[in-house]
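Peer 1: Structure below; questions to follow.
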Amino acid sequence: MNPSLIYHVTSSLDGYIARPDGRLDWFDSLRQADEEYSFQYFYSGIDALLMGRVTYEALLERGGPWPYPGKPCVVLTRLALARASDEIQLTHCTPAQAVAALNEAGFQRIWLVGGSLLAGNCYTAGLIDEVVINLVPHLLGAGVPLLATGMERSLTLSEQRRFNSGTLQVHYQVQKQASAVTQIPTTRISAA
């Protein structure tokens, strides 16, 4: 069984996941109890986390305890960074190698925690199976985009939910590209 890579992210209505300087202060204060419950339900259903270096460093800069306890977390980085907990593995590999390693270790539902560049690379590589976006009723005007890179691909809406804060959660399944073999038509010669 192949693992599911789920890009669960909060975005402004104009498609940004952070301010230009990386700050996330614009949505922290808006979260209501129903949204927190929904996140906890999602978190209880995942097995592991995949994260980029910039997101990891932003979490470290916020201080406090590691916000994602009880789950292994693979951070893709070339730098030697401090580990915030024993559950964190810092590694330099491709996203596909990281997902394959998590699958080999038995993890089936993997949360792609963040990072516009990592999410874009995973999306382009066809690794993302589900996209869950919490659209916060806020316009940033500029910032870190939802996906730094990517390619055109259709999504299928599987669920939508409105929270008391006005945040709208949309849950999509990514339609995988068909890898069917193309047959070359043969010319028929008829005898006349």
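The values are calculated or read from the model by the stated rules, or taken from the named source; none is laboratory data. Not measured: the values here are computed from a predicted model. In this analysis, Cβ positions are derived from the backbone assuming ideal geometry, glycine residues included, and neighbour counts consider all displayed protein chains. What goes into the accessible areas is simple: the full protein's heavy atoms, side chains included, and nothing from ligands, DNA or RNA. Shrake-Rupley method; radii C 1.70, N 1.55, O 1.52, S 1.80 Å.
Peer 1: Quickly run through the stretch 10-37 and pick out the residues that are within 19 Å of S116 (Cα to Cα) and surrounded by 15 or more Cβ atoms within 10 Å (Cβ to Cβ). Give the derivation first.
Peer 2: To start, the set of residues in the stretch 10-37 that are within 19 Å of S116 (Cα to Cα) comprises 10-28.
Once the filter is applied, which keeps residues that are within 19 Å of S116 (Cα to Cα) and surrounded by 15 or more Cβ atoms within 10 Å (Cβ to Cβ), the stretch 10-37 yields T10, S11, S12, G15, Y16, I17, A18, R19, L24, W26, F27.
Peer 1: Restricting to the stretch 114-141, name every residue that is out of contact with any helix residue (DSSP H, G or I) (no Cβ under 8 Å at 6 or more places or on another chain) and either on the phi > 0 side of the Ramachandran plot or free of Cβ contacts under 8 Å to residues at least 24 places away in the same chain (or both).
Peer 2: Answer for the stretch 114-141, where residues must be out of contact with any helix residue (DSSP H, G or I) (no Cβ under 8 Å at 6 or more places or on another chain) and either on the phi > 0 side of the Ramachandran plot or free of Cβ contacts under 8 Å to residues at least 24 places away in the same chain (or both): G126, G141.
Peer 1: Taking the stretch 45-86, which residues are open to solvent by 50 Å² or more (accessible area, probe 1.4 Å) and among the hydrophobic types (A, V, I, L, M, F, W, C)?
Peer 2: Those that are open to solvent by 50 Å² or more (accessible area, probe 1.4 Å) and among the hydrophobic types (A, V, I, L, M, F, W, C): V54, L60, L79, A80, A82.
Peer 1: Output the strands (runs of 3 or more DSSP E) that fall wholly within the stretch 64-135 and possess 3 or more residues being over 25 Å from Y172 (Cα atoms) and at pLDDT 90 or above, or say none. Can you show your working first?
Peer 2: On the way: elements: 73-76, 88-91, 109-114.
Those strands (runs of 3 or more DSSP E) span 88-91.
Peer 1: Looking at Q40, Q108, can you tell me which residue is in contact (Cβ under 8 Å) with a residue 12 or more places away in the chain, at negative phi and either open to solvent by 30 Å² or more (accessible area, probe 1.4 Å) or out of contact with any Phe, Trp or Tyr (no Cβ under 7 Å at 6 or more places or on another chain) (or both)?
Peer 2: Q108
Peer 1: Another question, if that's okay. So L5 passes all but one of these: (1) open to solvent by less than 20 Å² (accessible area, probe 1.4 Å); (2) among the aliphatic types (A, V, I, L, M); (3) farther than 19 Å from H171 by Cα. Which condition number does it fail?
Peer 2: Of everything listed in (1) open to solvent by less than 20 Å² (accessible area, probe 1.4 Å); (2) among the aliphatic types (A, V, I, L, M); (3) farther than 19 Å from H171 by Cα, L5 misses just condition (3).
Peer 1: Check the stretch 160-177 and report whether any residue there is at pLDDT below 85, more than 27 Å from L24 (Cβ to Cβ), assigned to a loop (DSSP other than H, G, I, E, B) and out of contact with any strand residue (DSSP E or B) (no Cβ under 6 Å at 6 or more places or on another chain).
Peer 2: Yes, because at least one residue in the stretch 160-177 is at pLDDT below 85, more than 27 Å from L24 (Cβ to Cβ), assigned to a loop (DSSP other than H, G, I, E, B) and out of contact with any strand residue (DSSP E or B) (no Cβ under 6 Å at 6 or more places or on another chain).
Peer 1: Tally up the residues in the stretch 136-153 that are in a strand (DSSP E or B) and either surrounded by fewer than 18 Cβ atoms within 10 Å (Cβ to Cβ) or not aliphatic (A, V, I, L, M) (or both), please.
Peer 2: Residues in the stretch 136-153 being in a strand (DSSP E or B) and either surrounded by fewer than 18 Cβ atoms within 10 Å (Cβ to Cβ) or not aliphatic (A, V, I, L, M) (or both): 1 in total.
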